[in-house]
Amino acid sequence: MARLLFKLNNVPDEEANAVRTLLEQHDIPYYETHAGRWGIAVAAIWLVSADDYAEARSLIDQVQHNLLTQKQTGDPDQLPASLRQRFQERPVDFFLVVVAIAIIIMLTVWPFLTAFE
């Protein structure tokens, strides 16, 4: 019976490709499902045989650990940008997002402010 091994939702292509390559190198049969047109299905890698789960899971854990150490020791410029850096890179977009948030808050609070008049 098939068993879910690895969900692909929000997984970088680099990591997903590493998992696929690893499973193929170790001759572990698998298949993939996709999220579908509206993204409501499970995008995942499934094992054909549940007996291979322990081996495949340990291999994936090693790959994820290796990717994590590469990211941590890698280029610090690839770290997520702080709020200040995002503002400096794209001030107009940042300002428009702040204005949109303010408008949404005002529209949400407006009925309560006018109810007491």
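The values are calculated or read from the model by the stated rules, or taken from the named source; none is laboratory data. If you're wondering where the values come from, they're calculated on a predicted model, not measured in any experiment. Positions of Cβ are backbone-derived with ideal geometry, glycine not excepted, and every protein chain shown enters the neighbour counts. With ligands, DNA and RNA removed, areas are computed over all heavy atoms of the protein, side chains included. Shrake-Rupley method; radii C 1.70, N 1.55, O 1.52, S 1.80 Å.
Does at least one position in the range 5-13 carry a residue that is basic (Lys, Arg), modelled with pLDDT of 90 or more and either within 16 Å of the chain's Cα centre (by Cα) or not in a helix (DSSP H, G or I) (or both)? Don't jump to the end; show me each part of the working.
Step one: list which residues in the range 5-13 are basic (Lys, Arg), which gives 7.
This time we only want the ones that are modelled with pLDDT of 90 or more, so: 7.
Add one more test, that the residue is either within 16 Å of the chain's Cα centre (by Cα) or not in a helix (DSSP H, G or I) (or both), and what stays is 7.
Yes, because at least one residue in the range 5-13 is basic (Lys, Arg), modelled with pLDDT of 90 or more and either within 16 Å of the chain's Cα centre (by Cα) or not in a helix (DSSP H, G or I) (or both).
Would it be correct to say that residue 41 is in contact with a His (Cβ under 9 Å, 6 or more places away or on another chain) and either modelled with pLDDT under 90 or among the β-branched types (Val, Ile, Thr) (or both)?
Details: in contact with a His (Cβ under 9 Å, 6 or more places away or on another chain): yes; either modelled with pLDDT under 90 or among the β-branched types (Val, Ile, Thr) (or both): yes.
Considered against the rule, which asks whether it is in contact with a His (Cβ under 9 Å, 6 or more places away or on another chain) and either modelled with pLDDT under 90 or among the β-branched types (Val, Ile, Thr) (or both), residue 41 comes out as yes.
Looking at the range 63-114 only, could you name the residues that are surrounded by fewer than 10 Cβ atoms within 10 Å (Cβ to Cβ), at pLDDT below 80 and part of a helix (DSSP H, G or I)?
Across the range 63-114, the qualifying residues are 72, 73, 76, 77, 78.
Could you check the range 1-27 and list, in sequence order, the residues that are touching a strand residue (DSSP E or B) at 6+ places or on another chain (Cβ under 6 Å) and open to solvent by 90 Å² or more (accessible area, probe 1.4 Å)? Reasoning before the result, please.
Start the filter on the range 1-27 by keeping residues that are touching a strand residue (DSSP E or B) at 6+ places or on another chain (Cβ under 6 Å), which leaves 2-8, 19, 23.
Listed by number, the residues that qualify are 3, 7.
Listed residues 30, 53; which is surrounded by 11 or more Cβ atoms within 10 Å (Cβ to Cβ), at pLDDT 90 or above and closer than 21 Å to residue 12 by Cα? First the steps, then the outcome.
Numbers: 53 fails: closer than 21 Å to residue 12 by Cα.
Unique residue meeting the criteria: 30.
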